[in-house]
Every structure is written in C-alpha cells, then in structure tokens.
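Each reported figure results from applying straightforward, stated rules to the coordinates on display, with no laboratory input. Remember, it's a predicted structure, so these values are computed and weren't measured experimentally. Here the Cβ positions follow ideal geometry from the backbone for every residue, glycine too, while neighbour counts run over all protein chains shown.
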Amino acid sequence: MTEVSSGSAPYIYVSTRMRVRKSKLIPREEYLRMLNMGLPELTRLVEEMEYKREIDELAASFSGVDLIENAVSWNLAKEYQRIIALAPGEMKGFTRDYLHKWDIQNILTILRGKQLGLSEGKIKAVLVPAGALDAAALDRMIAESSVERVVETLPIKAIADILSEGLPAALESRSFGDIENELYKYYYATLIKAARGGMKGGLPFLKYVMFEIDIKNIKNLFRVRAQVSKEADTMALWIEGGAFKPEELERLTTVESLDEVVDSLKKKVKVAVLADALEELREKKPVYAIESTLTSAQLGQMDKMSKRNPFSISPLLVYLERKRYEVANLRALARGKESGLSAEILEKYLVM
Amino acid sequence: MALNVKPTRSELIALKKRIKLSERGYKLLKMKRDGLILEFFKVLAEAKDLKNELAEKYARAQEMIAIAETVEGTIGVKAAAMAASENPEIDLKSKNIMGVVVPKIESKSVKKSLNDRGYGVIGTSAAIDEAAEAFEDLVECIILSAELETTMKRLLDEIEGTKRRVNALEFKVIPEQVEARNFIKMRLDEMEREELTRLKRTKGKSAAKEAAETA
C-alpha cells in the first residue's frame, strides 16, 4: 500500500505546500463576520472564494443552499484528490489510507441506496468522492444491478471482504449499521498498521491516529450515555488501538457519576489538551457541546503536533482536517441561515 | 291534530305502558348523554395537553433536523436517513366507553436504541442521534394524538346521536303519546257519559210508560 522513499526533501516540499494552503483557509474573524451576514450576502462571499469554479459548474443542477453545500463538498473532494496526487512516496500511502473513511461513507451510501431502490441520481447526489474511489469508480458502482454486485465489483479488496462477510446478516436485518461500525474499525486498524510499518513519519502519524481513536471513543461514550434506553449491547461500538480498552468504555456507559467517568478517562489520557477538555466535561452538557469541546481539543493537538514535527505527515493531516472543518463550517452557516437559526446557536456548531 | 288511535280501554292500557317505557328510555338516554359529555370533557382536557405537547415536539424536531443539517449537511442527514431499516408499526385495538367503540393504538419500534437505528455510530455525530430521537418522540406523540382525536370524534358523534334521541323523546314521542292517552281518556269519559245519559233517558221513558199504563 505504501512506498518507501528516503530523505526529507519530499516532506519539506509537501509540508510547505500544506502550510501555504492552510494559511489560505478562512480565519476565525471571518467566520464571526459571516455569522452576522444574511444568506444572499453569505452566498456571494462563498462565490468569491476558491469555491467559485465548483459553484459555476454545479449552478445548472442546484440552486440556493443546495448549490453551496454541493459546491463546497465537491471542492473538498477535488482538493483531497489533488493532495493524494501531490503527496510523494509513503506520504501518498498514508494520505490514501487516511482518506479511506470517505470511501467507507460512499460505499455504504451506495449500498443503502441500492437496497432502498433509490434512483442513480438520488444516490449520486449524496456522495462525496474525496477518498481513493473517484467519481468514475463510484458511478460504476452505482450502475451495478444489485447490492451483491456492488460488493463483488468493489475495487478495494479488504473492504469488499468485510462487506461479503457481513452482507447476509445485513440484508436479513435490513441494516448496515454493524457493517459500518466494522468498516470504521478496520479503517483505524489499517491506519495503525500503516503507521507501525517502520516507515519515516510513521510515529507522529501513529500518535495522531491513536489520539483520534481516543477522541472518537470518548465522543461515542457520551453519545451512548445520553441515550434513554441503555439495554442494548454497545461493545461493538468501541474502536481498539487507543488508550482505552472496549471493556473499560463499556463499563463507563453505566457509571452514574459524571466525575467518576471523567476521572477514569483522565487516568488513561496522556495528552494535556485532551485532559483539559475532559476537565470541562465535569459539568453536565448537551452531547453536541461535548463533541464540540473534543473536536477543538483534537484540532488544537493536531496543530501542536504539526509544529513539533514540521516535516512529517502532521502538516498534511492538519490541513486535511482543517479543510474538512472549513467546508463543514460553510455548510453549517448556509444551512443554519436557511433554517433561521440564530447567530448564537450557529456559533456553537462552528469549529473555529 | 288528528289522532289516528282507537279510543278503546285496551289501547289506553297499551299506551300507558308505552309512555312508561318512553319515559324510562328518556331518563336512561339523558343519563348516557350526560355521561358521554363528562367523558368527552375528560378526553378533551387530555387532548388539549397532548396538542400542546405535539406542537412543542414538532418545533423541537424541526429545530433538531435543522441542526443536524447544519452539522452534517443534507448529504449526511440523507445518508443517515437511508439507513433507517425498520418502519414503525402500529397495533390497532378497540375499547368501549359507555357503549362507544373507540380505538386503542399501540405503537411498536418507534423509539429505537442507538444500535437499532440502522446507521453506524462511529461514522456519525450526536446531531443525527438528537434529530432521530426528536422525530421518534414526535411520531409517538402523533400516534397518541390520533388515538385521542378519534376517540373525541366518536364520542362527539355518539353525543350528537343521543342528544337527538333524547330530544325526540322529550319533545315529540312522549308528548304525542300523552296527547293520545288524554284523547282516549277523554273519548272514553265521553262515551261513558253518553252511555249514562242514554241509560237515564231509557229509564225515564220506561218509567213514563209504566206510569201511563198504571193510570
């Protein structure tokens, strides 16, 4: 999957390019300004940014907020494809592995769409080809006649194997939820394996992946705790490879005291940013606020890692994540304005 | 009003029985109407509360879907919606309120656990959970509301029907029967008086005849 290259020149080249791209992302002050804009003003501003080409391309098929949402998603997909293309050697492998989550999302959307008998157009409208499977590959999958054929013709063998194994049960229960969780677990296991492969830049990447797994597990822990009915078995939801064992997380879902949960989590956490974020969770908060706190901690830690390892995979990962949140923020602003959400509410959902 | 009744004693007895029956029926129907009205007001109070709750839950569901679209985008929300595997089911039974058959709706698989919603937890965010939960609450409330609204409609129909029957008995059937009874009584009294006069006249005539023969 990954190639071996030597020397630090490719890292310096790519890291510098990523830093330049990152500096072009929308700053916090601009978001604060956007919060007070009306929808037409916001649309005009987005059109004047680097999303102009996608807006022009899609203007014939979409309009209004749908146009903004689809344009920023397409821009994200194209940008990720460009980054895969420019990343050299093992960095390309890491990047491709890292962006596999988009493939998982797209494959599952196609399977669900096929199972529900949705038209090709409707399925295509909810895909974001930001991973290894480009738009043409996804189009070929959509054109397949059945769910089974989609799995059989899937170009990513490891994902196809997991799908083949879980498909009969999924078709019987008419739910791809378990397969989806398995695919994401496979995704993180692949990232850890790639990072531990002994290649240059592997260690910071490994640290980051483990950190992301911890963040994901903690977010899901609070989601499960927020559920009214807790009788369901949630063991399958925990991702291995981070600081927490699945049994430990499962136990914490039933612990009443929030302080006890935070203390237990803090015992295992070595990253200061995350420990500080956990401290903020001692008071009862809505799950979205918890997710927002943890996402901010994640991005903060990524920035730190990127500064500590200036010529590694970190600047590239930071840019990928920051770009993803820029797109999410623009989409949130447009959708929020359309739904009439106030600036105060919207601000809570922006990752700045 | 011309009455089409035979002024006979047997008819009077039968009519008296019918009046008694009508009056008993009238009292029972009146009690049923009052009972139904009381029952209706009980359901109405419940339905009013539920309607407010429904409006609140609808507003919350709208807000949560707006937030989910804000956080995940329509693409994310649509992809998660495609994952919904099991449709909610309703079980329709019936119950009896003072002779009125009203529906009893029981819902199944409306409220789902995180695992049963069909989407993967690892790949989604809490905004999707909250939107799903808000809509599950709304659907449950709609089902409960449908049960109460149908109950109210059926009770109202029955109150209306009972009220019509009570009014018919009070203002038409019973007064007509009483009138017929009075008419028969009057006719019987008249016939009795005629008979008495006839007897008296006959007796007078025969007395006069007897006196003439004696003289």
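Before moving on, here are some points about what is shown:
- Counting only lysines at least 8 places from B:K200 when in the same chain, those with an alpha carbon closer than 18 Å to its own are B:K209.
- Of A:K193/A:K219; A:K193/B:K111; A:K114/A:K337; B:K51/B:K172; A:K24/A:K216; A:K219/A:K323, pairs whose Cα-Cα distance is over 30 Å: A:K193/B:K111; A:K114/A:K337; B:K51/B:K172
- Extension gain from A:D134 to A:R33, taking 0.36 nm per residue of separation minus the Cα-Cα distance: 32.9 nm
- Under DSSP loop assignment and at most 10 Cβ neighbours within 10 Å, longest GluC sites (Glu not before Pro)-free interval of chain A: A:1-230
- In terms of its alpha-carbon gyration tensor, chain A comes out rounded; the largest-to-smallest axis ratio a/c stays below the 1.5 threshold.
- Segment A:1-91: C-alpha gyration tensor shape, a/c 1.5 cut-off, then a/b vs b/c: oblate
- In a reduced charge model with +1 at each Lys and Arg Cβ and -1 at each Asp and Glu Cβ, segment B:1-40 shows a dipole moment near 240 debye about its Cα centre.
- Sparse-neighbour loop sites [trypsin sites (Lys or Arg not before Pro); segment A:256-352; at most 15 other C-beta within 10 Å; DSSP]: A:K270, A:R282, A:K284
- Gaussian network model of chain A, Cα within-10 Å springs - most flexible of A:L118, A:L274, A:L133: A:L118
- Neighbour cut-off at most 16 other Cβ (10 Å), DSSP loop, chymotrypsin sites (Phe, Trp or Tyr not before Pro), segment A:43-100: A:F62
- Alpha-carbon centroid distance for the pair segment B:29-92 / segment A:193-227, whole angstrom: 40 Å
- Less than 5 angstrom separates the built amide H of B:S107 from those of B:D91, all sequence-distant by 5 or more or on a different chain.
- If you take the Cα centroid of segment A:315-352 and the Cα centroid of segment A:55-83, the two points sit 16 Å apart.
- Vicinal HN-Hα couplings computed from phi for segment A:287-300 (Karplus, 6.51 cos²θ - 1.76 cosθ + 1.60; Hz; Gly/Pro x): 4, 4, 5, 5, 4, 5, 4, 5, 5, 4, 5, 4, 5, x
- Amide proton proximity set for B:S113, modelled H, under 5 Å, gap of 5+: none
- Comparing B:A14, B:A215, A:V327 along the charge dipole axis of the protein assembly as shown, the residue lying farthest to the positive side is B:A215, per the Cβ-charge model.
- Cα gyration tensor shape for segment A:166-272, rounded if a/c is under 1.5, else prolate or oblate: oblate
- If only the Cβ of Lys and Arg carry +1 and only the Cβ of Asp and Glu carry -1, the dipole of chain A around its Cα centre is close to 1080 debye.
- Restriction of the trypsin sites (Lys or Arg not before Pro) in segment A:97-182 to DSSP coil positions whose beta-carbon has at most 15 other beta-carbons within 10 angstrom yields A:R174.
- Charge sum, other residues only, whose C-beta stays under 13 Å from B:K200's C-beta, Lys/Arg counted +1 and Asp/Glu -1: +2
- For segment B:10-203, with +1 on Lys and Arg beta carbons and -1 on Asp and Glu, the positive-most of B:T74, B:I143, B:G99 along the dipole: B:G99
- Over all other residues within a Cβ to Cβ distance under 10 Å of A:D214, the charged ones net out to +3, with Lys and Arg as +1 and Asp and Glu as -1.
- Phi angles across segment A:211-220 convert, under the Karplus curve 6.51 cos²θ - 1.76 cosθ + 1.60 with θ = phi - 60°, into 3J(HN,Hα) values of 5, 5, 4, 4, 4, 4, 5, 5, 4, 5 Hz, Gly and Pro given as x.
- Taking the Cα centre of segment B:10-203 as origin and assigning +1 to Lys and Arg Cβ atoms and -1 to Asp and Glu Cβ atoms, the resulting dipole is close to 2460 debye.
- Bridgeable aspartates and glutamates around B:K16 (alpha carbons under 18 Å apart, same-chain partners fewer than 8 residues away excluded): B:E170, B:E176, B:E179, B:D189.
- If you take all other residues with their beta carbon under 13 Å from the beta carbon of B:K172, and give Lys and Arg +1 and Asp and Glu -1, the sum is -1.
- R0 of 60 Å, Cβ-Cβ distance B:A14-B:I142: FRET efficiency to nearest 0.05: 0.60
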